[in-house]
Amino acid sequence: MRKYGCEVHRGLAKTGIVGTLRRGNSLRAVGLRADMDCLPMQEMNGFAHASTHPGKMHGCGHDGHTTMLLGAARTLAESRNFEGAVHFIFQPAEEGGGGGKKMIEEGFFDLFPCDGVFAIHNKPGIPVGHVAVRPGPILASTDRFEIAVTGHGTHAAYPHLGIDPFVIGAQITLALQTVVSRNIDPLDSAVITIGFMKGGSAFNVIPDGLVMGGTVRAFRPAVQDLIERRIGEIARGTAATFGAAAAVEYRRGYPPTVNDPTEAEFVAMVAAEVCGAENVSRTTPPSMGGEDFSYFLNARPGAMLWLGNGPGEGGCFLHNPKYDFNDGAIPTGVSVLVRLAERFLARQDQAG
């Protein structure tokens, strides 16, 4: 970015990098964000550009996002077809580390004032050259919970002498599925998934306890609050029914990613200039996945859009060990980012 004439700032969220291009006297500024991190998973692809680091894989296309943002920086540096400032935000630790939140806590918007912020995420299942964006919630919250069940261990051949935590864990698992189906308004969306149940070490021993946990996804804080309360009530109540105890730890993760309606429509209009109106969707359903770009959108108006990555067949969806970012999507992504910056700054100047 220094080669392109950008001012470069290092160190936000440890490895975050922000490059800034300025032109003219306008005080208007726009932020364009790309996430950089990989996933802690083993890649199973055999092509030449597969990961060379065991247990680390770009299984979500963040390397593609970084490439597109760098391409946008180069293009805007060459064309200089804007008035104001463009901040290129290379953010670490989106995959569970909350790098976006950390950058903001460390003063991102004080150092780099923005009138709006935008981001692209690739999405298999959407054709290359197509874009999808929607107003309002586009991605869900990402909460986590753990439940520790304490029963009474005994010999597996004498279950009547103990309190089996696995029976209790199974009952809790089933009961939690009624929260979405019977406690939440059917017009709201939510997910409660048990991801693990750990306990015991021998085939002929009923252990004293187990630990189970999972994830909660929702689009509204009120739904998160209800689910958190019901998980605690169900876990403790079910355990008590069997003469056991349950302790619950519920941790809030990323908030829902909510697009500003005005900016979402702006993105759709800009994308139509690049891709053609017929290749832009405004009605794609939201995803129950999560994103820490939500912290940026909670602080400033803006939007996240989905960029078509191709059919995603043969196990090539996000977070799959055979995922491969489609390089054919890069030109569209670069062009959309460049046009977003140019049109946003021009629109803001005219509004001012």
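The values are calculated or read from the model by the stated rules, or taken from the named source; none is laboratory data. All of these numbers come straight from a predicted model, not from anything done at the bench. With ideal geometry, Cβ positions are generated from the backbone for all residues, glycine too; neighbour counts draw on all protein chains shown. When the accessible area is computed, the model is the full protein with side chains, heavy atoms only, and any ligands, DNA or RNA have been set aside. Shrake-Rupley method; radii C 1.70, N 1.55, O 1.52, S 1.80 Å.
Things to note:
- Of all residues in segment 322-341, those that are part of a helix (DSSP H, G or I), of a type outside the set (A, V, I, L, M, F, W, C) and open to solvent by 20 Å² or more (accessible area, probe 1.4 Å) total 6.
- Test: residue in segment 216-229 that is out of contact with any Gly (no Cβ under 9 Å at 6 or more places or on another chain), open to solvent by 20 Å² or more (accessible area, probe 1.4 Å) and over 23 Å from Gly290 (Cα atoms): no
- Only one of the listed residues (Ala85, Ala119) is within 21 Å of Ala268 (Cα to Cα) and at pLDDT 95 or above. That residue is Ala119.
- Residue pairs meeting the criteria (Cβ under 6 Å; at least 6 apart or on separate chains; first more than 17 Å from Ala148 (Cβ to Cβ) and among the small types (Gly, Ala, Ser), in segment 210-221; second part of a helix (DSSP H, G or I) and at pLDDT 95 or above): Ala218/Gln224
- Qualifying residue in segment 137-156 (condition: assigned to a helix (DSSP H, G or I), open to solvent by 20 Å² or more (accessible area, probe 1.4 Å), at negative phi and out of contact with any Gly (no Cβ under 9 Å at 6 or more places or on another chain)): no
- Output for segment 10-34, where each listed residue is open to solvent by 60 Å² or more (accessible area, probe 1.4 Å), in contact (Cβ under 8 Å) with a residue 24 or more places away in the chain and either out of contact with any Lys or Arg (no Cβ under 7 Å at 6 or more places or on another chain) or among the acidic types (Asp, Glu) (or both): Lys14, Thr15, Arg22, Asn25, Leu27, Arg28
- Extreme residue, nearest to the chain's Cα centre (by Cα), among residues of segment 328-352 that are modelled with pLDDT of 95 or more and among the charged types (D, E, K, R): Arg339
- Some residue of segment 140-153 being farther than 30 Å from Ser281 by Cα and polar (S, T, N, Q): yes
- Residues of segment 157-166 that turn out to be under 27 Å from Glu233 (Cα atoms) and surrounded by fewer than 16 Cβ atoms within 10 Å (Cβ to Cβ), as a count: 3
- Sole residue being surrounded by fewer than 21 Cβ atoms within 10 Å (Cβ to Cβ), free of Cβ contacts under 8 Å to residues at least 40 places away in the same chain and either within 23 Å of Asn259 (Cα to Cα) or of a type outside the set (A, V, I, L, M, F, W, C) (or both), chosen from Ala299, Ala272, Ala346: Ala272
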